[in-house]
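In what follows, a single structure is set out as structure tokens and then discussed.
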Amino acid sequence: MGSKEENGALGKNLTSIQQDIDDEEMDTKVKKYLRGERANLEILQDKKLKGQLAVREELYGKSAKAAAKIEKWLMPSEGGYLEAEGIEKTWRIKQESIAQEVDILSSRNQYDIVLPDFGPYCLDFTSSGRYMAIAGRKGHLGILDMKNMALIKEFQVRETVRDVVFLHNELFFAAAQKKYPYIYNRDGTELHCLKEHGAVLKLQFLKNHFLLATINKFGQLRYQDVTTGEMVGNFRTGHGRSDVMQVNPFNGVVAVGHSRGTVSMWKPTTAAPLVKMLCHQGPVTALAFHSNGHIMATAGMERKIKLWDLRKFEVLQTLPGHAKTLDFSQKGLLAGGTGSFIQIWGDLSGSQSYGRYMSHSIAKGYQIGQVVFRPYEDVLGIGHSKGWSSILIPGSGEPNFDTWVANPFETSKQRREKEVRSLLDKLPPETIMLDPTKIGAVRPTRKKEKPTKQEREAEMEVAVAAAKDVPMKKKTKGRNKPGKRAKKKQEAVENAKRPFFGQVVKEELSKKKRKRISEENELPKSLQRFTRKKATA
């Protein structure tokens, strides 16, 4: 009897301890979603304002609790990084030692496919990370199911293939071949030949706008709507041949790297670049965007990798080294590859200061062409001159996926419904801009533009005609003489002209002032001290 009571008391204590632990975890998660500390409403004198703010604070608390519950039950997985002990360094940990510690399913993501007759290879993943498209420079195209590690389709086009990209799902993909880009379906059937694009070097797909962006060997940037076939934009970049192009996932702006060290950013509705940045002293060899869209990484021939803050267009950090290809993971890791060596940098402290995280060397003599992180997996795909490889990068992928955004396990019915929904939610090309948060905001009132000389003269003529047409009152004898009537009309005309003459005088004075300031600025410093100075009060 006594032992049963002791066991019951012990069970109650354990449940209470577990409840306390759960409450503490929930409190920490709620604090993460709260909008700062709660406002002190006791110091307010206005009762109405106090009540309104109290209701709003209560709503903030409810929304934070709801978000914490969603994270607890719907996002159970947590991402982790490599952690070194003592003087051990994470970049010295080899793939062999990682493979010994992970589970069987994860170890299957470590492999090397050697196809030396068709390389170098380039890769692309779907947004869910389940399917991968491969393209060998000598005409080898294929689609693989990464979940089952099964080949869906492969075929030979018997001509040069420079790039490959999936369209809105795994059923269609585009390949940049020798003369033109082609669109194929999942079965390898050719659907379209896009002859207007010419010999394309790089392909990118804007999934929210259903636009295929290409740049050819003459430096022409084209946008084509894949739903209607309409050519939305056709521009000359004016900087020659370029095969460095990426899409910013945050706003849909396409960035192109040029041989003079500049990076230009484009949207399909304007013929001039939105931004032109001088990023390097030599040619830009690679660029990539962070998933939040605010950080851009560029690599140049002067052996420097720069991280840029696109909100200020300033350099955040400069890393030593050369990279032929760059890519950001979903969790913010940056991978760069050159020759047969791959380097991964990470912002593990959250202070936007990237440091060395991992490194990997493939077989000597293999030349890396492209590195791509696989979404929702801790996997890095490597396309090189002898085939393609896959390595494990702990902490690179998002551990929890949203089935409304990207579902790796979606059925054919779910895929059809998602395709229809995405077509209904398709964004027009006009919504592509540097700051998409401005969409839906009220445009500020502009200052009234100054009228031209012709407009001012026309307004003055209208005012003079209106003054002449004003009827004159008939007055008593002696005050209605023709001379006095003509004098009054002349005064009315002069009064109508006076405001226009005042504007002309003001403009002439401002022109003289600007001219005097420019002349002073043009003088050398040694002579500027002889210029007339303003009298001080």
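The values are calculated or read from the model by the stated rules, or taken from the named source; none is laboratory data. Predicted model, so just to flag it, every value in this text is computed and none were measured. All Cβ positions, even for glycine, are placed from backbone atoms using ideal geometry, and neighbour counts span all protein chains on display. Surface areas here come from the heavy atoms of the whole protein model, side chains and all, with no ligands, DNA or RNA. Shrake-Rupley method; radii C 1.70, N 1.55, O 1.52, S 1.80 Å.
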query = Semi-axes of the equivalent ellipsoid of the chain: what are they in whole Å, largest first, if each equals the square root of 5 times a C-alpha gyration tensor eigenvalue?
reply = 60, 38, 27
query = What FRET efficiency comes out for the pair residue 67/residue 156, r = Cβ-Cβ distance, R0 = 60 Å, nearest 0.05?
reply = 0.75
Kirkwood hydrodynamic radius of segment 400-444, Cα pairs, Å = 13.2
query = Once label points are set 7 Å from the Cα along Cα→Cβ at both residue 473 and residue 413, what is their separation, rounded to one decimal in nm?
reply = 8.9
ask   = Relative contact order of the chain: what whole-number percent is it, with Cα pairs under 8 angstrom and at least 6 residues apart?
value = 10
query = Which links in 312/511; 217/426; 94/153; 202/304; 179/306; 147/179 stretch past 28 Å when you go from one Cα to the other?
reply = 312/511; 217/426; 94/153; 179/306; 147/179
inquiry  = Need one number: nm distance between label points at residue 460 and residue 43, each 7 Å from Cα along Cα→Cβ, rounded to one decimal.
reply    = 6.0
note = Counting only protein heavy atoms and rolling a 1.4 Å probe, one gets per residue an accessible area for the chain in Å² of 62
Ordering of 225-235, 385-395 by burial proxy (mean other Cβ atoms within 10 Å per residue, highest first) = 385-395, 225-235
request  = Summarise the accessible area of segment 21-73 (1.4 Å probe, protein heavy atoms) by the percent that is carbon and sulfur.
outcome  = 54
Among 115-127, 244-256, 268-280, the order from most to least packed when residues are scored by Cβ within 10 Å on average = 244-256, 115-127, 268-280
request  = Would you please give the FRET efficiency between residue 25 and residue 81, computed as 1/(1 + (r/R0)^6) with r the Cβ-Cβ distance and R0 = 25 Å, to the nearest 0.05?
outcome  = 0.75
ask   = If you roll a 1.4 Å probe over segment 88-233 with all protein chains in place, what percent of the accessible area is carbon or sulfur?
value = 47
key: Solvent-accessible ranking of 264, 349, largest area first, probe 1.4 Å   = 349, 264
request  = For the chain, give the magnitude of the charge dipole about the Cα centre (Cβ charges: +1 Lys/Arg, -1 Asp/Glu; no others), in debye to the nearest 20.
outcome  = 6000
query = Roughly how large, in nm² to one decimal, is the mean projection of the convex hull of the alpha-carbon atoms in segment 21-73?
reply = 3.9
